[in-house]
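Comments concern the structure below.
The values are calculated or read from the model by the stated rules, or taken from the named source; none is laboratory data. Bear in mind the structure is a predicted one, so any value in this text is a computation, not a measurement. Cβ: placed from backbone, ideal geometry, glycine included. Neighbour counts: every protein chain shown. Ligands, DNA and RNA are excluded from the accessible area calculation, which covers all protein heavy atoms including side chains. Shrake-Rupley method; radii C 1.70, N 1.55, O 1.52, S 1.80 Å.
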Amino acid sequence: MDAETLNPSRPIKRPNRRKPSSYGTSRRSAMKKSFSQEQVYFTTPVSHNPSIAIIGGGLSGLLCAATLEERGIRSTVFDTGIHGLGGRMATRAVVESQQKLVFDHAAQFFTACDARFQNLVNRWVSEGLVLEWKGTIGELEAGGLFTPIQSSTTKYIGIYGMRPLADSIHKGTNLVEITRPCWISKLEPCNGMWHLSENEKNRGSFDAIVIAHNGKCANRLLSSSGLPQLFRQMKKLELSSIWALLAAFEDPLPVPFDGDLNALEAAFVKDIESVSWMYNNTSKLFPLRSSNGAHQCWTFFSTASYGKRNKVPQENIPNVTAEKVKTEMLDGVGAALGLPKGSLPEPFYTRVQLWGAALPINTPGVPCIFDPYGRAGICGDWLLGSSMEAAALSGISLGNHMADYFQGGGSHLEEFAVGLHEGFKAVSGYDIGHFPGLDSDKPVICDLECVA
């Protein structure tokens with residue numbers, strides 16, 4: 001028997017019979033039955049010039065790639081985005097009635113408490129991509145009762161929307177390749193490498209892989225990959241569903257004011273199931289235009305409970321559901337503003353979108369997950385919470401951890417195993433996410449019984 005096919009530190013076990021690999025039957029990895037699938041054990045020496053596949057081009061995946069580049073390691077980021085990179089750092093621009101409408105329809109704003117993320121934010125500021133947001137934000141109760149949030153924590157927004165921030169991370173890199181739109185459908189280990197494919201189309205061979213997305217697609221990918229420990233942790237993750245309604249109005253909405261007579265620009269909405277958040281994109285992105293009484297583009301988000309109750313396949317939303325959600329969310333906006341039913345101004349443009357795997361409601365509280373035997377890792381905001389800062393720190397952490405692993409020769413495997421067995425706890429924050437420093441006292445957004 002070829003000793004190279006076995007992990008020398010483990011007893012010899014013959015693997016169960018399995019479907020032959022499309023890359024041949026010679027595998028330089030031993031397999032162990034665990035969690036309903038066989039565990040991959042790579043025994044080939046690690047490469048001195050490794051190449052990493054990163055599946056997911058959101059903030060976490062992009063920063064993992066950028067960190068690997070800083071350490072001299074090549075990577076390829078595979079992303080499904082048709083319009084661009086960034087995941088939930090999504091900005092949509094449309095032309096309607098000869099007017100350009102711009103919406104941030106996922107991440108709305110962010111805060112920074114950790115020095116590592118603050119360094120990135122400072123870079124964005126210096127590049128003219130980010131500025132401090134001083135708009136009036138608070139909590140809005142049904143009936144129009146507005147309470148401004150008093151916080152010294154700096155809030156940031158993308159000057160041109162959120163998506164350019166993702167593009168800036170990739171800009172200027174030399175060791176990072178981007179492939180999109182691309183849906184990786186299969187991961188297959190063979191001869192010490194991971195082979196990736198998209199619907200039977202070969203997408204290359206890599207020394208290690210990173211899963212930088214979540215939800216049903218990630219679960220499906222990991223379910224037969226030979227990485228049961230990663231699959232087990234990913235399966236524990238619970239995600240909320242959130243409806244987004246983009247609406248443009250010809251005239252300013254009748255919003256309340258704070259004590260200094262500043263109009264509400266954004267609010268966390270309370271006690272209305274169909275709406276949890278409202279945000280004036282025009283005031284945020286184009287303050288001069290907004291002050292001149294031009295049209296207003298608003299982003300509204302539902303509560304997680306409303307999203308769950310009205311969940312449908314997000315790739316194919318039935319027209320009847322889209323119309324129902326639009327009507328109920330607009331009614332909720334009117335109720336939040338204290339307007340008589342049916343008196344909210346009619347928007348001249350609307351679009352609904354379901355974020356079916358919107359935000360984590362539980363977390364293991366670790367920066368990243370890494371399986372040194374299968375040379376595979378996971379990064380994402382859900383590992384630390386549900387914020388842009390959490391996503392950034394996770395990507396940076398995994399990038400450095402994998403660089404240490406490869407540059408250390410791939411030895412002392414147990415020391416590099418991280419996050420494989422942690423339990424989960426509830427995430428705190430609002431339905432639309434956690435904002436470090438702004439909402440540290442907010443209650444959890446789900447019952448403990450929903451935590452795996």
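With the structure loaded, tell me whether PHE42 is farther than 16 Å from ILE169 by Cα, surrounded by 15 or more Cβ atoms within 10 Å (Cβ to Cβ) and either among the aromatic types (Phe, Trp, Tyr) or out of contact with any strand residue (DSSP E or B) (no Cβ under 6 Å at 6 or more places or on another chain) (or both) or whether it fails that test.
yes
Just to be sure, is TRP183 at pLDDT below 95 and either touching a strand residue (DSSP E or B) at 6+ places or on another chain (Cβ under 7 Å) or not in a loop (DSSP other than H, G, I, E, B) (or both)?
When the stated conditions are applied, TRP183 passes them.
Would you confirm whether any residue within segment 161-176 is modelled with pLDDT of 95 or more and open to solvent by less than 40 Å² (accessible area, probe 1.4 Å)?
Looking through segment 161-176, at least one residue is modelled with pLDDT of 95 or more and open to solvent by less than 40 Å² (accessible area, probe 1.4 Å).
Checking ASP331 against (1) closer than 26 Å to LEU140 by Cα; (2) in contact with a helix residue (DSSP H, G or I) (Cβ under 8 Å, 6 or more places away or on another chain), which single condition isn't satisfied?
Going through (1) closer than 26 Å to LEU140 by Cα; (2) in contact with a helix residue (DSSP H, G or I) (Cβ under 8 Å, 6 or more places away or on another chain) one by one, ASP331 breaks only (2).
Counting just the residues of segment 77-94 that are more than 17 Å from THR299 (Cβ to Cβ) and of a type outside the set (Asp, Glu), which one comes out most open to solvent (accessible area, probe 1.4 Å)?
ILE82
Give segment 367-388 a look and list any residue that's under 23 Å from VAL130 (Cβ atoms), out of contact with any Asp or Glu (no Cβ under 8 Å at 6 or more places or on another chain) and either hydroxyl-bearing (Ser, Thr, Tyr) or touching a residue at least 60 places away in the same chain (Cβ under 8 Å) (or both), or say none.
Correct list: CYS379, GLY380, ASP381, SER386.
Do you know which residues across segment 326-346 are modelled with pLDDT of 95 or more and of a type in the set (Lys, Arg)?
LYS326
For residues that are of a type in the set (Asp, Glu) and at pLDDT 90 or above, scanning just segment 66-103, find the one that is farthest from GLY56 (Cα to Cα).
Only one residue tops the list, namely GLU70.
Which of the residues spanning segment 369-398 are out of contact with any Gly (no Cβ under 7 Å at 6 or more places or on another chain), assigned to a loop (DSSP other than H, G, I, E, B) and open to solvent by 10 Å² or more (accessible area, probe 1.4 Å)?
TYR373, ARG375
Which number in (1) outside any loop (DSSP other than H, G, I, E, B); (2) surrounded by fewer than 24 Cβ atoms within 10 Å (Cβ to Cβ); (3) of a type in the set (Asp, Glu) marks the one condition that GLU422 misses?
The failed condition is (1).
If you go through segment 95-113, how many residues are hydrophobic (A, V, I, L, M, F, W, C), open to solvent by 70 Å² or more (accessible area, probe 1.4 Å) and more than 22 Å from the chain's Cα centre (by Cα)?
Total satisfying the criteria: 1.
With respect to LYS326, is the statement that it is closer than 14 Å to LEU245 by Cβ, open to solvent by 10 Å² or more (accessible area, probe 1.4 Å) and among the charged types (D, E, K, R) true?
So LYS326 fits the description; yes.
Scan ARG116, ARG74 and give me the residue that is open to solvent by 60 Å² or more (accessible area, probe 1.4 Å) and either touching a Ser or Thr at 6+ places or on another chain (Cβ under 8 Å) or closer than 24 Å to TRP355 by Cβ (or both).
Result of the check over ARG116, ARG74: ARG74.
Can you spot a residue in segment 343-359 that is part of a strand (DSSP E or B), crowded, with 23+ Cβ neighbours inside 10 Å and under 16 Å from the mean Cα position of the chain (by Cα)?
No, segment 343-359 has no match at all.
Give segment 208-253 a look and list any residue that's more than 25 Å from ALA417 (Cβ to Cβ) and in contact with a Leu (Cβ under 6 Å, 6 or more places away or on another chain), or say none.
Matches in segment 208-253: SER240, TRP243, ALA248.
Filter segment 131-144 for residues that are assigned to a strand (DSSP E or B) and free of Cβ contacts under 8 Å to residues at least 60 places away in the same chain; which is surrounded by the fewest Cβ atoms within 10 Å (Cβ to Cβ)?
Only one residue fits best here, namely GLU132.
Here is a list: VAL366, VAL333. Which entry is outside any loop (DSSP other than H, G, I, E, B) and of a type outside the set (Lys, Arg)?
Answer to the selection: VAL333.
Filter segment 187-218 down to the residues that are modelled with pLDDT under 95 and touching a helix residue (DSSP H, G or I) at 6+ places or on another chain (Cβ under 8 Å) and list them by number.
HIS213, ASN214, ALA218 - these are the residues of segment 187-218 that are modelled with pLDDT under 95 and touching a helix residue (DSSP H, G or I) at 6+ places or on another chain (Cβ under 8 Å).
Residues are listed down the side, and each one gets a yes or a no for (1) closer than 26 Å to TYR41 by Cβ; (2) within 20 Å of the chain's Cα centre (by Cα); (3) touching a residue at least 24 places away in the same chain (Cβ under 8 Å):
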position	(1), (2), (3)
GLY161	no, yes, yes
HIS170	no, yes, yes
ASN174	no, no, yes
THR179	no, yes, yes
CYS182	no, yes, yes
ASN191	yes, no, yes
